[in-house]
Amino acid sequence: MEEIKKVFDESIQGSALILEPSADGKKKLYIESYGCQMNFSDSEIVASILADNGFNTTKNIEEADVVFVNTCSIREKAELTVRNRLKSFNKYKKQKPEMIIGVLGCMAERVKSQLLDEEKLVDIVVGPDAYRDLPNLINQADEGKKAVNVILSKEETYADISPVRLLSNGVTAFISITRGCDNMCTFCVVPFTRGRERSRNPESILNEAKDLFERGYREVTLLGQNVDSYLWYGQEGLKKEYETLTAEEKTKCVNFAQLMEQVALISPLLRVRFSTSHPKDITDEFLHVMAKYDNICNYIHLPFQSGNSRILELMNRGYTSEWYKQRVDAIKRIVPDVALSADIIAGFCSETEEEHQDTLALMEYVKFDYGYMFSYSERPNTLAQRKLKDDVPEDVKKRRLAEIITLQNKHSLERNQGYVGKTFQVLVEGVSKKSADELQGRTPQNTVAVFPKEHYNIGDYVNIHIHSCTGGTLIGKAV
Ligand code: 5AD
Ligand code: SF4
């Protein structure tokens, strides 16, 4: 039986999850993940690599031989959370000195020597492209040697590794389709911590999705830092632009729209989601595929970051506020009942009060279903840190962020109120957190719906008539 314990951390998008399948024998791995969905997905790859090398996972840190923390560097607060967590492991290590503690993921790339040499918080440091080296690194650490591999790869996509579904409810799963990012948004550490963009072999993606479906899963989410720039041209390797492909590569080419169509065709009973979309790259071709297949969920996470074109240019986002609005118009035209969410940053370098108002105005224009909202946090070595001044005072950032959150809460509630009286197909994912007599799942638009259990089961599709709501949840009954 697997159990999932959530460690809530408001500083990072998503939350930390402790993966806890019970197991007997073998060496024991305990792993926690912080940050984005990609990290959670990577932890499943790590567990798979170690399962092939004599490890089982444990929910009990005290009995672990190896403790891994898969880390996030996106904002300063995320790193602080992880650092405190690593410090808290000292007490276990005192009781069990042979315990190996390792840091994986983005912080491994960013602060490797600090964690290993200066603070002596960890025994192993492994970047996101070096997980195949983990068995070897654990051996090195066992021998008391420093164990570091933070080499970023031009090819690694872990295409052949079948992830161990550690967080699983048995219904929904993530599938990575690209790794890294080439966009170089000036505020963002990801291109430095996760390296250059690579697309994964579509055949391996389709096989993973088919296998999940055959094992009873009913929803897959295709993951990438920028899924719209997915492009397979016949071999593993760095992203290439379509125009630069050879004639032969063009014949083998699979773009994101084509990949989505192939995944959607696996079965009408397999829901397909995707994240994250980029406003500069989302194509009409893809939107038409989305509209064509009922099982592609009508929900797009489309970060806009700022509603002001000068700030967008300083962020190197590759679009203007006008362009973003036009993309939203196209989305709503081609996929009429679509839900949209966004990432928004308050108080980026030199942002004026009027420019902040442009962000609120863009929110009013789109009326997002949800928002992931942050105040700007300067990250070392990013382009913004090197070239721009982080000059919006902290209290101003906080106030602007509070205004953004208040407006988003209003929009979320209005959107949910608009769903009352309608019926949605909900995929049942689990028992409601509030009552064992209720089930919960999500609508295609990604809104959580709860309803009386009756005779329904996890994994069922149920049509739910919505009779009331809160800002975050729809409440209904099966029809
Ligand atoms: N400060 C604040 N927010 C950031 N994000 C990325 N980098 C930073 C930063 N330095 C946000 C962006 C991105 C999301 C994943 O995190 O909104 O889309
Ligand atoms: Fe960071 Fe921009 Fe890439 Fe997203 S698209 S990961 S914000 S550089």
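Restricting the search to the stretch 201-244, which residues are in contact with a Gly (Cβ under 9 Å, 6 or more places away or on another chain) and open to solvent by 10 Å² or more (accessible area, probe 1.4 Å)?
ARG215, GLY216, TYR217, ARG218, GLN225, LEU238, LYS239
Between PHE304, PHE374, which is open to solvent by 20 Å² or more (accessible area, probe 1.4 Å), within 12 Å of ligand 1 (Cβ to nearest atom) and in contact with a strand residue (DSSP E or B) (Cβ under 6 Å, 6 or more places away or on another chain)?
Numbers: PHE304 fails: open to solvent by 20 Å² or more (accessible area, probe 1.4 Å).
When all the criteria are applied, what remains is PHE374.
Residue by residue through the stretch 67-88, note down the ones that are surrounded by 23 or more Cβ atoms within 10 Å (Cβ to Cβ) and away from ligand 2 (no atom under 16 Å from the Cβ).
Hits for the stretch 67-88 are VAL67, PHE68, VAL69, ASN70, VAL82.
In this structure, does GLY195 turn out to be in contact (Cβ under 8 Å) with a residue 24 or more places away in the chain, on the phi > 0 side of the Ramachandran plot, more than 16 Å from ligand 1 (Cβ to nearest atom) and out of contact with any strand residue (DSSP E or B) (no Cβ under 9 Å at 6 or more places or on another chain)? Give the derivation first.
Details: in contact (Cβ under 8 Å) with a residue 24 or more places away in the chain: yes; on the phi > 0 side of the Ramachandran plot: yes; more than 16 Å from ligand 1 (Cβ to nearest atom): yes; out of contact with any strand residue (DSSP E or B) (no Cβ under 9 Å at 6 or more places or on another chain): no.
Against the criterion (in contact (Cβ under 8 Å) with a residue 24 or more places away in the chain, on the phi > 0 side of the Ramachandran plot, more than 16 Å from ligand 1 (Cβ to nearest atom) and out of contact with any strand residue (DSSP E or B) (no Cβ under 9 Å at 6 or more places or on another chain)), GLY195 does not qualify.
Within 16 Å of ligand 2 (Cβ to nearest atom), out of contact with any helix residue (DSSP H, G or I) (no Cβ under 6 Å at 6 or more places or on another chain) and either modelled with pLDDT of 95 or more or aromatic (Phe, Trp, Tyr) (or both) - does that describe any residue in the stretch 209-221?
So the first thing to find is which residues in the stretch 209-221 are within 16 Å of ligand 2 (Cβ to nearest atom), and the list is none.
No, there is no match, as no residue in the stretch 209-221 is within 16 Å of ligand 2 (Cβ to nearest atom), out of contact with any helix residue (DSSP H, G or I) (no Cβ under 6 Å at 6 or more places or on another chain) and either modelled with pLDDT of 95 or more or aromatic (Phe, Trp, Tyr) (or both).
Which residues, counting only those in the stretch 145-186, are open to solvent by less than 30 Å² (accessible area, probe 1.4 Å), part of a loop (DSSP other than H, G, I, E, B) and within 16 Å of ligand 1 (Cβ to nearest atom)?
The answer is GLY180, CYS181, ASN183, CYS185, THR186.
Can you confirm whether the stretch 118-125 contains a residue that is touching an Asp or Glu at 6+ places or on another chain (Cβ under 8 Å), assigned to a helix (DSSP H, G or I) and assigned by TED's automatic domain parsing to the domain that holds LEU29? First the steps, then the outcome.
The first filter runs over the stretch 118-125 and keeps only residues touching an Asp or Glu at 6+ places or on another chain (Cβ under 8 Å), leaving none.
Checked the stretch 118-125: no residue is touching an Asp or Glu at 6+ places or on another chain (Cβ under 8 Å), assigned to a helix (DSSP H, G or I) and assigned by TED's automatic domain parsing to the domain that holds LEU29.
Considering only the stretch 204-302, give the helices (runs of 4 or more DSSP H) lying wholly within it that have at least 1 residues that are within 19 Å of the chain's Cα centre (by Cα). Don't jump to the end; show me each part of the working.
Details: elements: 247-252, 256-264, 284-292.
In the stretch 204-302, the matching helices (runs of 4 or more DSSP H) lie at 256-264.
Kindly establish whether SER48 is surrounded by fewer than 21 Cβ atoms within 10 Å (Cβ to Cβ), among the small types (Gly, Ala, Ser) and in a helix (DSSP H, G or I). Outline the logic, then answer.
Values: surrounded by fewer than 21 Cβ atoms within 10 Å (Cβ to Cβ): yes; among the small types (Gly, Ala, Ser): yes; in a helix (DSSP H, G or I): yes.
In short, yes.
From ASP337, ASP358, ASP391, grab the single residue that is more than 12 Å from ligand 1 (Cβ to nearest atom) and at pLDDT below 95. Give the steps one after another, and end with the answer.
Details: ASP358 fails: at pLDDT below 95; ASP391 fails: at pLDDT below 95.
None of the others qualify; the one that does is ASP337.
Is there a residue being away from ligand 2 (no atom under 16 Å from the Cβ) and crowded, with 17+ Cβ neighbours inside 10 Å anywhere in the stretch 326-334? Before the answer, list the steps.
Step one: filter the stretch 326-334 for residues away from ligand 2 (no atom under 16 Å from the Cβ), giving 326, 328-334.
Add one more test, that the residue is crowded, with 17+ Cβ neighbours inside 10 Å, and what stays is 328, 331.
Looking through the stretch 326-334, at least one residue is away from ligand 2 (no atom under 16 Å from the Cβ) and crowded, with 17+ Cβ neighbours inside 10 Å.
The values are calculated or read from the model by the stated rules, or taken from the named source; none is laboratory data. Note that this is a predicted model, so its numbers are computed, not measured. Note that we place each Cβ from the backbone using ideal geometry, even for glycine, and neighbour counts take in every protein chain shown. Note: areas computed on protein heavy atoms with side chains; ligands, DNA, RNA excluded. Shrake-Rupley method; radii C 1.70, N 1.55, O 1.52, S 1.80 Å.
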